[in-house]
1. Tell me the residue from B:111, B:74, B:68, B:64 that is surrounded by fewer than 24 Cβ atoms within 10 Å (Cβ to Cβ), out of contact with any helix residue (DSSP H, G or I) (no Cβ under 6 Å at 6 or more places or on another chain), over 24 Å from residue B:296 (Cα atoms) and free of Cβ contacts under 8 Å to residues at least 60 places away in the same chain, please.
2. Looking at the stretch B:210-226, which of its residues are in a helix (DSSP H, G or I) and facing another protein chain (nearest Cβ under 10 Å)?
3. Within the stretch B:227-247, can you find the residues that are touching a residue at least 12 places away in the same chain (Cβ under 8 Å) and assigned to a loop (DSSP other than H, G, I, E, B)?
4. Here is a check on your reading of the model: is residue A:239 at pLDDT below 50, at the interface with another protein chain (Cβ under 8 Å from one of its Cβ atoms) and not in a helix (DSSP H, G or I)?
5. Go over the candidates A:217, A:256 one by one and state the one that is touching a helix residue (DSSP H, G or I) at 6+ places or on another chain (Cβ under 9 Å), at pLDDT below 75 and farther than 30 Å from residue B:135 by Cβ.
6. How do the helices (runs of 4 or more DSSP H) wholly within the stretch B:290-400 filter down when requiring 1 or more residues that are farther than 24 Å from residue B:21 by Cα: which remain?
7. Please go through the stretch A:196-207 and give me each residue that is buried (at least 22 other Cβ atoms within 10 Å of the Cβ) and within 7 Å of chain B (Cβ to nearest Cβ), ordered by number.
8. Given (1) crowded, with 23+ Cβ neighbours inside 10 Å; (2) within 10 Å of another protein chain (Cβ to nearest Cβ); (3) under 27 Å from residue B:10 (Cα atoms), identify the lone condition not met by residue B:444.
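The values are calculated or read from the model by the stated rules, or taken from the named source; none is laboratory data. Please read these numbers as outputs of a predicted model, since none were measured by experiment. Cβ atoms come from the backbone with ideal geometry, glycine included; neighbour counts cover every protein chain shown.
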């Protein structure tokens with residue numbers, strides 16, 4: 001075997017061995033599909049149960065301050081959206097986009113799951129099923145499958161492990177920051193050979209090599225950033241000894257974690273603007289389970305989220321106009337503050353919808369209010385919008401997924417959640 | 001179901017039930033592969049890592065000191081702008097010391113895994129440590145994880161499940177990680193006192209109660225309600241940690257004053273006891289609940305045998321669990337004696353921890369410093385002591401065999417090979433690593449490699465070595 005195979009010949013070899021080499025051949029489809037071939041969808045999953053009343057504090061709701069007690073935010077401390085809602089002060093990027101009509105909130109959105117279990121609710125969010133164990137593949141993967149006959153597009157997850165939302169029949173790529181692959185080594189080729197009859201490792205490895213090539217292109221397209229610590233980028237800063245704390249809030253964005261978060265977002269954007277780059281991507285942020293001492297913790301997490309979104313916006317450049325970003329969590333938290341300055345597992349939360357492709361407008365879905373009678377089971381923000389309706393609306397109107405397939409293949413059993421219209 | 005040959009069983013004993021072969025280990029297991037494993041079960045529990053030996057009480061007080069220093073440092077900083085103060089230096093040193101302690105705990109545990117002759121015993125302990133997850137994602141908890149495993153998990157992994165459950169649920173690491181230590185009954189004396197002081201931070205926190213039900217015992221599909229969670233949380237009020245000036249600083253204490261008065265109903269059972277006995281009674285019933293046996297035995301089968309284990313295996317474990325009242329030594333022995341566990345086709349994909357440590361075992365070495373181990377584990381998504389949620393690390397191949405993770409494994413294997421491979425005979429190493437599990441394709445690839453480094457990297461990146 002030739003010891004000096006270069007990247008292209010390696011890919012050619014992969015193709016000749018019948019190994020799933022991703023990203024090739026998407027151009028041919030692109031020409032015939034016009035604008036749809038440029039459309040991009042990014043799903044950000046905030047894991048742990050993100051507190052919607054902190055993301056978009058309804059400071060104008062008459063019951064908000066009393067329910068929230070010691071963790072209530074004052075109207076003058078939030079970034080103003082309308083008479084009822086503000087945004088958390090750490091969400092300055094989202095706020096700037098909202099002022100331009102490129103970001104909206106869905107303040108009472110929920111999955112169909114009501115068990116208040118992180119893991120069940122995340123499964124339901126990611127499988128898109130109407131209940132837990134309703135499916136074992138992710139709805140973004142089934143979207144790739146549904147689109148395949150007309151447009152073969154790629155999916156990418158950011159992070160070292162593969163999230164359920166992108167698992168399924170179609171091999172999706174995954175990427176997290178790290179060092180590059182030595183292109184001159186024989187090892188990748190030899191391993192592809194060793195994996196050729198391995199249904200798990202073969203396709204995954206081929207996809208990983210492809211993504212590495214793309215990462216190198218995506219990174220060289222951007223200005224270098226020597227101060228950053230890439231290894232730390234895929235997880236939000238967490239409180240190890242000496243980790244983040246509320247007193248450090250002011251310089252959060254400028255410290256290493258913030259720089260890495262920005263880079264993470266901009267690299268993802270860099271991937272997506274390449275001619276045969278992924279059009280669908282998923283990224284997860286952890287650490288939203290704020291049972292105690294919530295105010296400081298959530299500020300750190302929302303700051304991280306905001307900086308990732310800022311990076312993504314910058315990395316996408318002019319392609320922002322073709323993009324929709326959806327930020328969701330598995331469930332919201334109790335409307336009342338608990339006994340330990342935090343909140344417990346609840347039901348509806350706030351979703352964020354961003355992107356240059358978005359039509360301007362007010363809140364998405366209805367606001368049930370926080371009156372005692374309006375609370376779900378007298379404890380949580382009541383859900384008024386099934387998140388599948390948002391997902392379906394984005395897939396139908398923005399990504400051009402066939403409506404029949406949307407109902408039968410991507411979100412079976414979701415008849416009650418009619419696709420939202422007028423988003424883009 | 002017929003069992004494979006002795007040679008194959010020896011390879012399976014060492015790789016599937018253990019942590020990967022050390023030189024000569026497969027040979028040592030050959031005479032009696034099942035006996036080799038059963039001999040590792042012992043009542044006194046799993047081995048203890050050779051670490052500092054500091055207890056959770058020691059660590060708790062060190063963390064308190066650190067928090068005081070941090071407070072002082074902040075106050076000074078507020079007074080003096082950004083000027084560095086003498087306190088700032090002390091604070092930084094203390095912070096570094098604590099971080100190094102956590103790193104040293106992790107390294108000691110990893111070295112135990114690379115050096116032990118009883119690798120099944122260690123795997124069994126790691127399974128339970130992950131079942132009762134505590135995570136360094138919380139600062140206070142991070143320094144308590146090493147002590148938690150040493151004090152609550154390791155001594156109890158071959159005893160009754162109830163003991164393990166109680167040890168976990170009363171350990172300061174769990175009480176801080178799942179916010180139990182501050183939970184106060186809304187009608188307790190402590191809540192009344194707090195209300196008089198107008199301190200808003202006094203009330204119920206249901207985090208631990210929920211995760212015990214969902215993750216540690218009966219499982220999420222057991223059919224409990226929000227009311228069960230809240231009632232159990234009320235029963236657990238008072239489970240807390242001693243403060244500096246009290247009798248048991250940094251250790252479990254029961255605070256009568258914080259306990260919610262009155263009887264409770266959890267999962268349809270009434271608990272009329274008062275005080276500590278109430279929470280312990282609920283834990284005792286949960287430990288004995290058949291739904292707990294089913295939930296936990298399913299996890300054992302998935303961890304050791306297959307992401308989708310045969311029902312016959314899960315049921316056999318469950319039966320043994322119920323017959324013996326959750327005797328974990330007996331359940332471990334039943335696992336070893338189950339024919340389903342000896343299927344020659346390896347289907348479990350090693351987690352990053354298992355994968356990297358099995359590579360060290362292969363060359364009979366141990367990681368020389370935390371810096372050799374932590375970056376690769378973090379890069380592969382398994383940051384030391386930092387599972388992302390109380391559910392712990394995932395078990396399934398789909399989670400760990402992501403495209404990006406395979407590339408990072410390859411890069412790491414190349415670096416590892418560059419450091420160690422020139423000293424070894426790759427063909428002999430392949431036989432040592434996989435025994436009868438070595439396939440002709442891998443043997444051929446290794447023997448045809450251009451360099452020892454390439455051969456070593458191919459071996460540890462082979463589908464056979466990455467699975468168990």
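1. Answer to the check: B:68.
2. Restricting attention to the stretch B:210-226, the residues satisfying the condition of being in a helix (DSSP H, G or I) are B:210-216, B:220-222, B:226.
Of everything in the stretch B:210-226, those that are in a helix (DSSP H, G or I) and facing another protein chain (nearest Cβ under 10 Å) turn out to be B:210, B:211, B:213, B:214, B:215, B:220, B:221, B:226.
3. Residues satisfying the conditions are B:237, B:238, B:244.
4. yes
5. None of the others qualify; the one that does is A:217.
6. Values: elements: B:290-304, B:311-323, B:328-337, B:352-362, B:370-379, B:397-400.
The qualifying helices (runs of 4 or more DSSP H) are B:290-304, B:311-323, B:328-337, B:370-379, B:397-400.
7. Going residue by residue through the stretch A:196-207, those that are buried (at least 22 other Cβ atoms within 10 Å of the Cβ) are A:201-202, A:204-207.
Answer for the stretch A:196-207, where residues must be buried (at least 22 other Cβ atoms within 10 Å of the Cβ) and within 7 Å of chain B (Cβ to nearest Cβ): A:201, A:204, A:205, A:207.
8. With respect to (1) crowded, with 23+ Cβ neighbours inside 10 Å; (2) within 10 Å of another protein chain (Cβ to nearest Cβ); (3) under 27 Å from residue B:10 (Cα atoms), residue B:444 is out only on (1).
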